Structure formats: structure tokens, C-alpha cells
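Student: My questions all concern the structure below.
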Amino acid sequence: MSTWAFDKELYDRIQNSIKASLKHSIGKEIKMLSRIERDLPSSQQVLEEGWALNDPRLTIVLPETMIETTSPLPAEALPSKPTEP
Amino acid sequence: MNPTTPCPPTLQETIQAYFFRPSSAHTLALIRIVTGSMIAYIHLVWMLNLESFMGPFALINNTTWNALHHGPVPDYKWTYLAHTELMSIIWCHEWIACISGLCLALGLMTRTFSILAWFTTLMTAHRMTGMLFGLDQITLMIAMYLCFARPGSVWSLDSWLYGKFQNAYAQHAWLRLFSGVIKRGRDAFEGDCWSNTFATRLIQLHLCVIYLFGGLGKLRGEMWWDGSAMWYSVASYEYQSMNMTWTGHFPILSSIATHVTLFWEFSYCALIWPRWTRGVMLSMAILVHGGIALFLGMITFGLMMIVANAAFVSPTRVQQWVGLGRKKNE
């Protein structure tokens, strides 16, 4: 947890630094920065279904918080019960 | 035992010959010209938007940079550019670096400007956390090894000036010091020198390490095992310079290209040394890096990797190819 807190603090520092730089260069305050990742399409998606390489469906906005595991885990992911000797 | 049979060289003699046998500077001169030009180019590109990289309004400002590198887990990265916000100093630094790169390419006061070009580029690179690419790293690596050698002894303004003003070089120690002339006399410049071999070997060994770890890293990726890596390279939108998605119609070809690339990269450190496989490995290097340059939009990186591979071409061969020294010898 302490590692996460430390990394989060660094991450926030980087975000604030980028926001300040952008405010100076474009003259507007940026309230929130989104981290975007472009997924790679399969050959089927491009050649058969006609997706462009920059198709919006391939864009993923990365989460800003810790991934919450509120939904129940599938049964096979749970550790098995200890067997009787 | 036949007394005329020569004794095999000892380990010490082999190492000495490997690292310190004198050689001419033609290969390093070729590498110097491209590396110096690339250093000047890199700094010019950085200068296009310098305020975003350094100074008070940098994307990663000095406070953040120091927190990243000198926090609880320090990485010993240091640069004076992370301790100033004065743009006048930063601009001066960048111009010095750019001019040093140009002088290195031209071979003017080569010894001085090779060290200056390397050091100033290193300082900038250390400041550019999060904004560095393979091109910057490979250029820095080569520039560092050029400092050890005498790459300005041929195909340079230094060698031309030395031919014109030999007396001045003989009289003024500072001229010899700044240009890298160690000895006085006729062979001071164009003579073979151990430092050329030493620097060339270091570039070669470093390149082997880069390829070995690049290959090992690829082995950890599933797409390099199932043969789909080539497809995902051409399907990456950010790296598109030419539409190569048609290769997806030929999955077997794409898979073969993936596996051949992986085999070449992984085995480079072993197969580059025997003479009978060196040509194949260098041809593959040109194909792979030429392909990256042409089809994946990384022209400068591809060029620098090909130039780094030139370290495995003998100075005599480079001299023959370029043809300049040949006429002189004739």
C-alpha cells in the first residue's frame, strides 16, 4: 500500500506538471488529463471487417483509480478448499 | 615438436590483439560523420519546442524530475539542466550541443567536439525523462565510444588543416590537444592507432549486448512465439509511414518474417563474429532496420542502427567502398 501511495504521489506530481505546462502553452486550464491507449486490431478486424487502424473502438481510456474488485470473482478463480487428510 | 611450428598465442596476446591492434580510422570516420550530423539534428528537433522539455514550463518540471530521480530510490541520474530554469542557459546549452555535433561531423577539432557533443547530449538526455527514444540512446552510445578513438584522422577538416599547416601543429601544443593529434610528424593523423580498434570493439560488444537483451525481451512476448508480431507492428497506427496491412493476407509470410527477425536478433551476438556468417547477419541488420526506417516511420533510428552495425565492417572495406582513400594510396 505504501508503494502504491508513493507511486500515486509521483503520478499526481507528473499530472500537475503537465497541466501547468499545457496551461502555459495553450493558455487554458486543463481540469483533467486522460491517458489514452490504442489497442492493436487483429488482421480479421482490419482486412475482413474494414476497421481503420485509428478506429475509435480501439481507443481505451486508462483508469485513474485502483481497479475495484466489487464484482464477485468467478468460482474457478477462488482458492480451492483444503482437502481432508 | 617441430621447432619451426609457431606457438599458439597466449590468452593475454589474444586479448591484446583483439582490443589494441592498431587500425585505421575509416570505419569510425564514417560513423563519426553520421553520428555528428544526427546529434545536430536531434538538438535542432528539441529546440523546436524547447520550452516544453526544459525550463519553468516543461512538461516534467525540475521539481518533478528531482522527485522521480532523487526520491527514496535514487537512480544516480544527474544533469545540471534539472537545476536551472533560466532559458538563456538552456538555449546556450542546446546551441553548443548542436554546433558540437556539426563540428564532430565535419571533423573540426574532433577530439574536443566529440567529448563536448557527447557530454552536452548526455545532459539533455538525462533531463528528458519520459521523452527519450532508442534513437537518442544509440546516438549517445556511439558518441561516447568515439571520444576514445581518433575518428577525425581521416575524412575530416582536421586532417585537411593538418596537411596545410603542419608547422603550426608542430609548434602549438593546444592545436594538437584540441584536435587529437598525439604524435608529431607525418603519420600523426592518418597512421593506424590502437584507440580506433579499442573504440570499435566497444561499439561491437555493446551492440551484441543490445541485440541479446532485445532478443531475450522478445522471447517473453507471446506474439513473437505465435508469429503474429510482424502483423502487430504494421497494425500499429502510431508507427505507420506506409500502409503494410496487406501483409495480413499472407499470414505464413508474416510468421516467417517474425521468426527470422527473432532468430537474427537473438543469435546476433554469436553469429556476427565468424567471417562466414557476418555478411548474412549484417545483411539482415540492413533489412530489419531498413524495414523499420521505411515502413514503421523510424527513419533516423533505423539509420543509426545500420551505422552502428557498420562497426563490424573493416576500415579497409569502408575505404574501398567510399573510394576516397584508395585514390590517394594509388
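Student: Considering only residues that are under 16 Å from B:LEU296 (Cβ atoms) and charged (D, E, K, R), which ones fall in the range B:206-249?
Tutor: Within the range B:206-249, B:LYS218, B:GLU238 qualify.
Student: Enumerate the pairs (first residue in the range B:254-269 and over 26 Å from B:HIS206 (Cβ atoms); second residue anywhere and assigned to a helix (DSSP H, G or I) and β-branched (Val, Ile, Thr)) with beta-carbon separation below 9 Å, excluding pairs fewer than 6 apart on the same chain, so at least 6 apart or on different chains.
Tutor: Hits for this filter: B:SER254/B:VAL234; B:SER254/B:THR247; B:ALA257/B:THR247.
Student: From A:ILE36, A:ILE67, grab the single residue that is modelled with pLDDT of 85 or more and either out of contact with any Cys (no Cβ under 6 Å at 6 or more places or on another chain) or not hydroxyl-bearing (Ser, Thr, Tyr) (or both).
Tutor: A:ILE36
Student: Any chance the range B:210-221 includes a residue that's within 14 Å of chain A (Cβ to nearest Cβ) and either part of a loop (DSSP other than H, G, I, E, B) or at pLDDT 95 or above (or both)?
Tutor: For the range B:210-221, residues within 14 Å of chain A (Cβ to nearest Cβ) and either part of a loop (DSSP other than H, G, I, E, B) or at pLDDT 95 or above (or both): present.
Student: Sticking with this one: Quick one: in the range B:60-83, of everything that is of a type outside the set (Val, Ile, Thr), facing another protein chain (nearest Cβ under 9 Å) and touching a residue at least 24 places away in the same chain (Cβ under 8 Å), which residue is surrounded by the most Cβ atoms within 10 Å (Cβ to Cβ)?
Tutor: B:TRP65
Student: Right, something else. Within the range B:248-263, can you find the residues that are within 32 Å of the chain's Cα centre (by Cα) and surrounded by 19 or more Cβ atoms within 10 Å (Cβ to Cβ)?
Tutor: The answer is B:SER254, B:ALA257, B:THR258, B:THR261, B:LEU262.
Student: Okay, next question. Which condition number in (1) without any contact (Cβ under 8 Å) to a residue 40 or more places away in the chain; (2) small (Gly, Ala, Ser); (3) part of a helix (DSSP H, G or I); (4) crowded, with 21+ Cβ neighbours inside 10 Å is the one that B:SER52 fails?
Tutor: Of (1) without any contact (Cβ under 8 Å) to a residue 40 or more places away in the chain; (2) small (Gly, Ala, Ser); (3) part of a helix (DSSP H, G or I); (4) crowded, with 21+ Cβ neighbours inside 10 Å, only one is false for B:SER52: (4).
Student: Considering every residue within the range A:24-39, establish whether at least one is of a type in the set (A, V, I, L, M, F, W, C) and at the interface with chain B (Cβ under 10 Å from one of its Cβ atoms).
Tutor: Scanning the range A:24-39, I find no residue that is of a type in the set (A, V, I, L, M, F, W, C) and at the interface with chain B (Cβ under 10 Å from one of its Cβ atoms), so the answer is no.
Student: For the range B:106-133, which residues satisfy the criterion of being under 15 Å from the mean Cα position of the chain (by Cα) and touching a residue at least 60 places away in the same chain (Cβ under 8 Å)?
Tutor: Once the filter is applied, which keeps residues that are under 15 Å from the mean Cα position of the chain (by Cα) and touching a residue at least 60 places away in the same chain (Cβ under 8 Å), the range B:106-133 yields B:SER114, B:ALA117, B:THR121, B:PHE133.
Student: Can you pull out the helices (runs of 4 or more DSSP H) entirely within the range B:87-167 that have at least 2 residues that are closer than 22 Å to B:PRO22 by Cβ?
Tutor: B:110-127, B:134-146, B:157-164
Student: Restricting to the range B:168-182, what's the tally of residues that are surrounded by fewer than 17 Cβ atoms within 10 Å (Cβ to Cβ), closer than 10 Å to B:MET109 by Cα and aliphatic (A, V, I, L, M)?
Tutor: Residues that pass the stated criteria total 1.
Student: Let me ask something additional. Just to verify a result, which residue in the range B:222-247, among those that are in a helix (DSSP H, G or I) and either in contact with a His (Cβ under 6 Å, 6 or more places away or on another chain) or more than 12 Å from chain A (Cβ to nearest Cβ) (or both), is surrounded by the fewest Cβ atoms within 10 Å (Cβ to Cβ)?
Tutor: B:GLU222
The values are calculated or read from the model by the stated rules, or taken from the named source; none is laboratory data. What you see is a predicted model, and the numbers here were worked out from it, not measured in a lab. Glycine gets a Cβ as well: all are built from the backbone with ideal geometry, and neighbour counts include every protein chain shown.
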